[in-house]
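A quick write-up on the structure given underneath.
The values are calculated or read from the model by the stated rules, or taken from the named source; none is laboratory data. Everything numeric in this text was worked out from a predicted model, so none of it was measured. Note: ideal-geometry Cβ built from the backbone for every residue, glycine included; neighbour counts use all protein chains shown.
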Amino acid sequence: MPELPEVETVVRQLRPLVCGKTVRSLRILDELLGKLAVNRVRGAVVAGVERWGKEVVMPLERRTKTDPWLWLAIHLRMTGRLLWRAGARPAVDLHRPWLRARLVLDGGNVDFVDPRRFGVIRLVDDPVLLQPPGVDPTGEAFSTGLLRRLLGGSRQELKPWLLRQDRITGLGNIYASEILARARLHPCRLAGSLDQSETRRLHRAVVTILRRAIRHCGTTFSDFQDTSGETGAFQRFLAVYGHEGDPCGRCSTTVERIVQQGRSTYFCPACQPAGSGRSA
DNA sequence: GGGTACCTGAAA
DNA sequence: TTTCAGGTACCC
């Protein structure tokens, strides 16, 4: 599930639960995750829970004179989740559907559950290795001017361009469609073809959609306390994503679905006219 | 740049 | 049975 707002939600919910707690162990249960130096985390203290792009990053402080910092990074990819299970002795009982890894802390577990097994865990000494290449669209640095420079000259279609993590980090397939619907821009427009006012609309849509999605805890998400249900509520506000064949909320024209680079794009052909600068 | 692969489950 | 899925790495 996770795009930027969902990962932000995970991080905010996890932070007060795990910060300051001591790591007992990191259990890797799926060989697809590869070999990690899990012994190095034992006894470290969780110093934070951060979102770096779409990745959950936990700085771990060790009681060693040399190399006191370790960085645990978890990318949820398509179906990964981090579920908190409070409890005193939860290292046993590894039976949980799709459980791939478990961070055992004093007072509870962080369970990495991931049916499709695309998720990735990294453990590194140097946080530079985790630095996302693109700009964070929720940060101060993301301005209309910066967006204009990033778009400059690109001959890629807008919607695939929005998915590029080396330009803007954090957008995914749902919010890319939602952002273009709000900005009233056709997904097949060439990224480099936007004029100043269109660029401003796109910038505002990125900021607004992400802010609203974060406020509503993202689109569908599992609870950390009890394993049931979804706390995310943003799906109620989706204007176009998943709404092929439904009337557009603004003009009642039928919402369409097209495929770009093998992925679904939803848009309203009336509110988001092709206009000039559309790819051939 | 764009297709394809990775993997599994749910829904059509 | 086939298609689709919130992501990204790797191929030409």
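Considering A:249, A:170, which residue is assigned to a loop (DSSP other than H, G, I, E, B), modelled with pLDDT of 95 or more and more than 30 Å from residue A:96 (Cβ to Cβ)?
A:249
Might you let me know whether segment A:32-42 holds any residue that is among the hydrophobic types (A, V, I, L, M, F, W, C), part of a strand (DSSP E or B) and surrounded by 20 or more Cβ atoms within 10 Å (Cβ to Cβ)?
No.
Restricting to segment A:141-163, name every residue that is free of Cβ contacts under 8 Å to residues at least 12 places away in the same chain and either touching a helix residue (DSSP H, G or I) at 6+ places or on another chain (Cβ under 8 Å) or basic (Lys, Arg) (or both).
Restricting attention to segment A:141-163, the residues satisfying the condition of being free of Cβ contacts under 8 Å to residues at least 12 places away in the same chain are A:141, A:145-146, A:149.
Scanning segment A:141-163 gives a single hit, A:149.
Given the criterion within 13 Å of DNA strand B (Cβ to nearest atom), assigned to a loop (DSSP other than H, G, I, E, B), among the small types (Gly, Ala, Ser) and surrounded by 14 or more Cβ atoms within 10 Å (Cβ to Cβ), identify the matching residue among A:242, A:192.
Criteria check complete, one pass: A:242.
Residue A:52 - would you say it is among the aromatic types (Phe, Trp, Tyr), within 20 Å of residue A:114 (Cβ to Cβ) and modelled with pLDDT under 95? Even if it seems obvious, please write down each step before you answer.
Working: among the aromatic types (Phe, Trp, Tyr): yes; within 20 Å of residue A:114 (Cβ to Cβ): yes; modelled with pLDDT under 95: no.
No, not satisfied.
Residue A:201 is checked against (1) of a type in the set (D, E, K, R); (2) part of a helix (DSSP H, G or I); (3) modelled with pLDDT under 95 and fails just one. What number does that condition carry?
For residue A:201, the exception is condition (3).
Could you say whether any residue in segment A:80-94 is buried (at least 16 other Cβ atoms within 10 Å of the Cβ) and outside any strand (DSSP E or B)?
Yes, segment A:80-94 contains at least one residue that is buried (at least 16 other Cβ atoms within 10 Å of the Cβ) and outside any strand (DSSP E or B).
Given (1) surrounded by 16 or more Cβ atoms within 10 Å (Cβ to Cβ); (2) outside any loop (DSSP other than H, G, I, E, B); (3) among the β-branched types (Val, Ile, Thr), identify the lone condition not met by residue A:128.
Against the list (1) surrounded by 16 or more Cβ atoms within 10 Å (Cβ to Cβ); (2) outside any loop (DSSP other than H, G, I, E, B); (3) among the β-branched types (Val, Ile, Thr), residue A:128 comes up short only on (1).
Filter segment A:43-57 down to residues that are touching a strand residue (DSSP E or B) at 6+ places or on another chain (Cβ under 7 Å) and assigned to a loop (DSSP other than H, G, I, E, B) and give me whichever is farthest from DNA strand C (Cβ to nearest atom).
Let us first name the residues in segment A:43-57 that are touching a strand residue (DSSP E or B) at 6+ places or on another chain (Cβ under 7 Å), namely A:43-50, A:54-57.
Restricting the remaining residues to those that are assigned to a loop (DSSP other than H, G, I, E, B) gives A:43-44, A:47-49, A:54.
On the way: A:43: 30, A:44: 25, A:47: 24, A:48: 21, A:49: 18, A:54: 4 Å.
Among them, the one singled out is A:43.
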